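Visitor: Below you will find the structure I want to go over with you.
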Amino acid sequence: MEGAGRTNAVVAKLSMIGDLLMLQLVFLVLSVGIVTLFPAAFAMQRVLPDAISQDRPSLLRHYFRQFRWAFKRFWLVGLGLYFGGIALAFGLAFWAYSDGVARIFALAVLIPLTGMIVGLYLCALAVLPDAGDETTTKSLFRAANLFLLRRSLPVAGGVIGLFTWFALLSTLPTLFVVGSGLVPALLAYWMSKPARKTSKGVSI
C-alpha cells in the first residue's frame with residue numbers, strides 16, 4: 001500500500017508538471033500576437049492553481065475561457081504595458097552605457113521605478129486567481145496596490161526572483177521556451193499562497 005501511495009504521488013507530480021508545460025506552450029503560441037501577450041499571461045495565472053492542485057480535468061478548455069475573459073478586459077492595458085516595458089528597458093540600457101553625472105541620477109530614478117512596476121505586475125498576477133468575473137482594470141490595480149502594502153516582503157522577493165530569471169535568460173536564452181510565462185506565474189503564486197490559506201475568496 002505504501003508503494004502504491006508513492007507511485008500515485010509521483011504520477012500526480014508528473015501530471016502537474018505536464019499540465020504546467022502545456023500551459024507554457026499555449027502561452028507561447030498565444031503571446032506571439034503582441035496584443036494577446038498579457039491576456040495570455042493573465043489567463044495562465046487564473047488557471048495555475050487548478051494545474052497545481054489537479055482539481056480540474058478540462059484545464060485547456062478552462063484556460064481558453066479565461067483567455068477570452070482577460071482579453072475582453074485587459075487587452076488595451078496589456079498593450080500599454082508592452083510598449084511601456086520596451087521604453088523602460090531602452091531607457092535603462094541607454095543610461096547604463098552612458099557617461100556623466102546625469103547617468104547616476106537617471107539610473108537612480110529608473111531602477112526603483114522598474115522594480116515598483118514589476119512588483120505591481122506580480123501583485124496583479126497574485127490577486128487574479130481570486131478575482132471575480134466582474135473585475136476591471138481599475139479594481140485590479142487597486143487590489144494589486146493593497147496586496148503590495150500587505151505583502152511587501154514577499155513581493156520584494158518576487159521582484160528579486162524575476163530579475164534573477166532575466167539575468168539567467170541573458171546567458172541561457174533557450175530557457176525562454178520553458179519559463180517565459182511560467183516563472184512570473186509561479187512567483188506570483190508563491191507570493192499569494194500564504195494569503196490564500198487565510199482567505200476563502202477575494203472580490204475585486
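Visitor: Residue under question is A41, and the condition is that it be touching a residue at least 12 places away in the same chain (Cβ under 8 Å), within 21 Å of K193 (Cα to Cα), out of contact with any Asp or Glu (no Cβ under 9 Å at 6 or more places or on another chain) and open to solvent by 20 Å² or more (accessible area, probe 1.4 Å); does it hold? Write out each step before concluding.
Guide: Details: touching a residue at least 12 places away in the same chain (Cβ under 8 Å): yes; within 21 Å of K193 (Cα to Cα): yes; out of contact with any Asp or Glu (no Cβ under 9 Å at 6 or more places or on another chain): yes; open to solvent by 20 Å² or more (accessible area, probe 1.4 Å): no.
No.
Visitor: Further question on the same structure: From the list G78, G100, G84, pick out the single residue that is buried (at least 16 other Cβ atoms within 10 Å of the Cβ) and not basic (K, R).
Guide: G78 is the lone residue from the list that is buried (at least 16 other Cβ atoms within 10 Å of the Cβ) and not basic (K, R).
Visitor: Another one. Contact list please: Cβ distance under 8 Å, first residue in segment 48-63 and closer than 13 Å to Q24 by Cα, second residue of a type in the set (G, A, S) and surrounded by 14 or more Cβ atoms within 10 Å (Cβ to Cβ), pairs at least six apart or on different chains.
Guide: Filtered contacts from segment 48-63: L48/A185; L59/A51; Y63/A43.
Visitor: Kindly evaluate G18 against the criterion of being crowded, with 16+ Cβ neighbours inside 10 Å, without any contact (Cβ under 8 Å) to a residue 60 or more places away in the chain and assigned to a helix (DSSP H, G or I).
Guide: no
Visitor: Among L172, L146, which is the only one that is among the hydrophobic types (A, V, I, L, M, F, W, C), open to solvent by 60 Å² or more (accessible area, probe 1.4 Å) and modelled with pLDDT of 95 or more?
Guide: When all the criteria are applied, what remains is L146.
The values are calculated or read from the model by the stated rules, or taken from the named source; none is laboratory data. From a predicted model like this one, the values you see are computed outputs, not experimental measurements. Heads up, the Cβs are rebuilt from the backbone with ideal geometry, glycines too, and the neighbour counts pull from every protein chain shown. Protein only, heavy atoms only, side chains kept; ligands, DNA and RNA dropped before computing areas. Shrake-Rupley method; radii C 1.70, N 1.55, O 1.52, S 1.80 Å.
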